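Notes follow once the structure below has been shown.
The numbers here are math on the coordinates, done by the rules we state, and not lab data. Computed from a predicted model, the values in this text were never measured in an experiment. FYI the Cβ positions are ideal-geometry reconstructions off the backbone, even for glycines, and counts take in every protein chain you see.
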Amino acid sequence: MPSDFNAIRKLYDDDRFVELLHHPNGIFWLKLRSISRVKQMRQFCQRIQFDTEGIPSRQLFEQVYNYQPDNRVLENFIQELFRQERAERREYENYIISQLYQMKVFDWGGLYQNSLEQTIVDNYIKRIQSWDELNSAIDNEIHISMKSYVQCSWYNHWSSILIEDIFKDHPSVLPAMGLVKKVDFFVHDFPFDLKVTYFPDGYMETLRRAEGLRPELTLLKAFCRQKEIWFDNGKPAGVLFTELLAKVTEYPSQVAQEFIADFKATRMRLLRQTIENPEALKIWLYENQGMRRFDASNRFFLVLVNANDFDESWKLKRNKDLLVNAIHSHLDEMSPDTMENLQVEFQWQNGNYETYADILFVVVNQD
């Protein structure tokens, strides 16, 4: 009877994914954990004719693991569970996609998931002393910002389900059904946590700095000052960047059009450079995680880019046909023999980490 259950659990809890991946029973442990909800586990026990009488629910996962059911039986059971859930989602998938297209502007309203409470505390609770001023701010500022925050969160939630299903529909993918933080699915027995993102502003700045180029926002500010295009320098950087890019793009002069053409050409060159050599971006994405969200799990980075307007890249999350073609073509090319080539080493908080990461760029308007 296997006695390594707790040893594998410690590897998982300690973020030692490479060791877990290479443990003889590590992947099997993760697969079984993905059905460790009591209802699912008891259904599986019926399938393998494992008597659960007298076993407390909290011990069920470990007891079934020690029983060592056949891996193929486990995978077939997981696929059956997924097909049942997927059939339900297919019934309203077109409706959800249609609803996602109702989103016209993607703007968090100054409130972000990692700092929502802190933003409210710092900008309103601790700053405002007047009761009337506080209530005016709630009605005229927080209400509007919260509406935008909820809309963006709603869009991300349902588009993420759509994208995950695209991956899980592929024949080489085994879904993780739940209760496996850091794992959304397995590709050729490699677990991956899916991260859907856009081309990071911070990485673009890193690439420009490496070539001795000024930051994009600095460049836009300098042009606007030169042409006496007014702007409020007190606005948040992201908001100001979008505004200045639009102003310069729409400015009626040949010089402005040449500036924008050169601006976008540099962006495209650096984007293509990154697509051709993506390892540095993988490392950057790991090393620039937020403190609260850090982990060293295997990741599949899906990078969505509208090359003509990076700020519009969020719209690609609802473009099912585009995503199916790109994702399934990429998965078709993956094989067990190529998975070890995905190993990545990075540093975070003075620690050295090893993991596995794949990356897929979906780019529109490249010309």
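Summary of computed values
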quantity	calculated
The stretch 243-333: chymotrypsin sites (Phe, Trp or Tyr not before Pro) in DSSP loop, at most 15 other beta carbons within 10 Å	PHE294
Top of LEU244, LEU116, LEU81 by mean-square fluctuation, Gaussian network on the chain, Cα under 10 Å	LEU116
Rg/Rg_ref, the stretch 161-292, where Rg_ref = 2.2 N^0.38 Å and atoms are Cα	1.41
The chain, relative contact order [Cα under 8 Å, separation at least 6], %	19 percent
FRET efficiency, 1/(1 + (r/R0)^6) with R0 22 Å, evaluated for LYS181 and HIS23 via beta carbons	0.75
Convex hull volume per residue in cubic angstrom - Cα atoms of the stretch 53-170	202 Å³
Model label zone, GLU345; criterion: amide N under 19 Å from point 7 Å along Cα-to-beta-carbon; scope the stretch 10-28	16-22
Unit charges at the beta carbon, dipole of the stretch 168-240: most positive-side option, LEU213, PHE199, PHE231	PHE231
Dipole of the chain [Lys/Arg +1, Asp/Glu -1 at C-beta], most positive-end residue of ILE96, SER172, LEU74	ILE96
Loop-located chymotrypsin sites (Phe, Trp or Tyr not before Pro) in the stretch 185-240, at most 11 other Cβ atoms within 10 Å (DSSP)	TRP230
Spatially proximal lysines relative to LYS39 (Cα-Cα < 21 Å; intrachain offsets below 8 disregarded)	LYS31, LYS181
Full-stretch length increase - ASP169, GLN102 - with 0.36 nm per residue and alpha-carbon distance subtracted	21.5 nm
Ellipsoid equivalent to the chain - semi-axes via the Cα gyration tensor, in Å	43, 25, 21
Among GLY351, TYR12, PHE106 - extreme Cα towards positive end, dipole of the chain, charges at beta-carbon	PHE106
Violating pairs (Cα-Cα greater than 29 angstrom) within the set LYS227/LYS264; LYS104/LYS320; LYS247/LYS315; LYS104/LYS264; LYS235/LYS320	LYS235/LYS320
Tail beyond 13 Å, pair distance distribution of the stretch 295-367 (Cα, percent)	72 percent
Gain upon complete extension [TYR203, VAL364; 0.36 nm per residue less C-alpha separation]	56.0 nm
Simple spin-label estimate for ILE128 and ARG86 in nanometres, 7 Å along Cα-Cβ	4.9 nm
Under the Debye formula (equal points on every Cα, no solvent term), log10 I(q)/I(0) of the stretch 204-269 at q = 0.24, 0.27, 0.29 Å⁻¹	-1.13, -1.32, -1.40
Residue of VAL105, VAL121, VAL173 that the Gaussian network model of the chain assigns the largest fluctuation, springs spanning Cα pairs under 10 Å	VAL121
Rounded FRET efficiency, nearest 0.05, which uses the C-beta distance separating ARG272 from ASP232 and R0 of 30 Å	0.30
Dimensionless Rg over Rh [the stretch 5-75; C-alpha; Kirkwood]	0.97
Part-to-part distance (alpha-carbon centres) for the stretch 236-278 and the stretch 70-145, which is given in Å	30 Å
